[in-house]
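Notes for the one structure printed next.
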Amino acid sequence: MFKWLNKNDKEQEVQDEVKKPGLLDKLIGGLTKTRKEMSGRIDSILSFYKKIDDDLFDDLEEVLVTSDVGVNTTMELIDRLRDRVKAEKVTDPNEVKELLKDEIKGIMKESIENNELNIEPSPAVILVVGVNGVGKTTTIGKLSHNFKQKGKKVLIAAGDTFRAAAIEQLQEWSNRAGVDIVAHREGADPAAVIYDGIHAAKSRKADILICDTAGRLHNKSNLMNELNKIFRVVEREYEEAAKEVLLVLDATTGQNAINQAKVFKEVANITGVALTKLDGTAKGGVVIALQAELGLPIKLIGVGEGIDDLQPFNVDDFLDAIFE
Ligand SMILES: Nc1nc2c(ncn2[C@@H]2O[C@H](COP(=O)(O)OP(=O)(O)OP(=O)(O)O)[C@@H](O)[C@H]2O)c(=O)[nH]1
Ligand SMILES: [Mg+2]
């Protein structure tokens, strides 16, 4: 069976290289673990059954739930799959995988119509939020690089003033990406940094201001207070800017990422998710839960630690990469 999988992987890679070299390759490479886990288990089930019956659906349900797809979404998917199998009079278990993939695409597209960052028209401000260590600073570095390559003028504000090292790390990324940064000292008021960032963005005519924030989640009201102060400054000082509140989540944490998303959704008007570290995990199913179950648009995905390892999220490419 693995031979079969490997062969298909290769064929897909060749096809994709012709279509879009680079990005898709990286996506397919980064999602190897998720593909083996989710798609591999689905293949085993489907090759085990000779006909499509309730047991087959039960087994599929279990794979989806244990892949962090989310219970409600799994139920809905299995229902839709049953209907589809019945309506199209499908009898061969081997045909079920393609139908499942199709239904997952459907459910993800129906939940969210638009996975684009809210950065048009310029100027725009992106507030990057999320708990410690999920990859906020790295994502800001990669994102700055991507925007710069597209000819945008980017400015970064070092709103994580909790540690000196956080400011230095962001400075390093700003050098790497070749964009300007506004920073204060360790311990400064984050809202004051954002204030300065906004005024610098205006005077330097930046297209996009990207703001780092500290990810301390001691408790919900503390987080809410800190973020609200920043949001108020942005509303008051940069009314004209397009606004994106980007929640960064670490895909390797699976269910924890879902729980963090729920908390942040309660305290902030999250407009998008950047899901990092998809390269190191078999828990890529979390993408489906976040978008279809929580209604949060996945806008960016991290597939490595390098400056080029951040991609816009595309449902079709993502599911093709998982389900090959
Ligand atoms: N493999 C992989 N590693 C990543 C990715 N994104 C971030 N990382 C790594 O995750 C670690 C934490 O990243 P940071 O950007 O410092 O995370 P942060 O959210 O800013 O952390 P704090 O500032 O401590 O709250 C670093 O070692 C990054 O290299 C990714 O997409 N893939
Ligand atoms: Mg950081």
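Sequentially through segment 276-292, phi angles give Karplus couplings (6.51, -1.76, 1.60; θ = phi - 60°) of 9, 6, 5, 6, x, 9, 9, 9, x, x, 4, 4, 5, 5, 4, 7, 7 Hz, Gly and Pro residues having no value and appearing as x. Placing +1 on the Cβ of every Lys and Arg and -1 on the Cβ of every Asp and Glu, with nothing else charged, gives the chain a dipole about its Cα centre of roughly 840 debye. Our coupling estimate for segment 163-178, obtained by passing each phi through the Karplus curve with A = 6.51, B = -1.76, C = 1.60 and θ = phi - 60°, is 10, 4, 4, 5, 5, 4, 4, 5, 4, 4, 5, 5, 5, 4, 7, x Hz, Gly and Pro reported as x. Leaving out same-chain residues fewer than 8 places away, which lysines sit with a Cα under 19 Å from that of Lys277? Counting by Cα, and skipping residues close in sequence, Lys277 has these lysines nearby: Lys26, Lys33, Lys36, Lys136, Lys142, Lys299. Computed in the context of the full set of protein chains, the accessible area of the chain at 1.4 Å probe radius has 48% of its extent on carbon or sulfur. Taking label positions 7 Å along the Cα-Cβ direction at both Glu98 and Asn269, the computed distance is 4.4 nm, reported to one decimal. Calculated accessible area for the chain comes out at 45 Å² per residue, all protein chains present (probe 1.4 Å; ligands, DNA, RNA ignored). Distant-in-sequence amide contacts of Ala124, defined by a placed amide H-H separation under 5 Å and a gap of 5 or more residues or a different chain, comprise Ile208, Leu209, Ala242. What fraction of the DSSP beta bridges in the chain is antiparallel, stated in percent and rounded to the nearest 5? About 10 percent, rounded to the nearest 5.
With the contact rule set at Cα under 8 Å and sequence spacing of 6 or more, what percent relative contact order holds for segment 124-314?
Numbers: 377 pairs, mean separation 49.0, N = 191.
The normalised contact order for segment 124-314 reaches 26 percent.
The GluC sites (Glu not before Pro) of segment 223-268 meeting both criteria, a DSSP state outside H, G, I, E and B (loop) and at most 16 other C-beta atoms within 10 angstrom of the site's C-beta, are Glu239, Glu240. Its residues counted as N, segment 275-324 yields a C-alpha radius of gyration over 2.2 N^0.38 Å of 1.09.
Between the amide H of Ala157 and those of Val182, Ile210, Cys211, Asp212, distances stay under 5 Å, these residues lying 5 or more places away or on another chain, with hydrogens modeled in the peptide plane. Evaluating 6.51 cos²θ - 1.76 cosθ + 1.60 at θ = phi - 60° for every residue in segment 180-193, the Karplus couplings come out as 6, 9, 10, 9, 10, 7, 4, x, 5, 6, x, 5, 5, 5 Hz, glycine and proline recorded as x.
Only one residue of Leu127, Val267, Met38 has its Cα farthest out toward the positive end of the dipole of the chain, where Lys and Arg carry +1 and Asp and Glu -1 on Cβ, and that residue is Leu127. Give me the percent of DSSP beta bridges within segment 124-314 that run antiparallel, rounded to the nearest 5. So the antiparallel bridges in segment 124-314 amount to around 10 percent. Each Lys or Arg adds one and each Asp or Glu takes one away; over the other residues whose Cβ falls under 10 Å from the Cβ of Pro312, this sums to -1.
The values are calculated or read from the model by the stated rules, or taken from the named source; none is laboratory data. Computed from a predicted model, the values in this text were never measured in an experiment. Every residue, glycine as well, gets a Cβ built from its backbone with ideal geometry; the counts of neighbours run over all protein chains shown. Ligands, DNA and RNA are stripped out before the accessible areas are found, and what is left, the full protein with its side chains, is counted by its heavy atoms. Shrake-Rupley method; radii C 1.70, N 1.55, O 1.52, S 1.80 Å.
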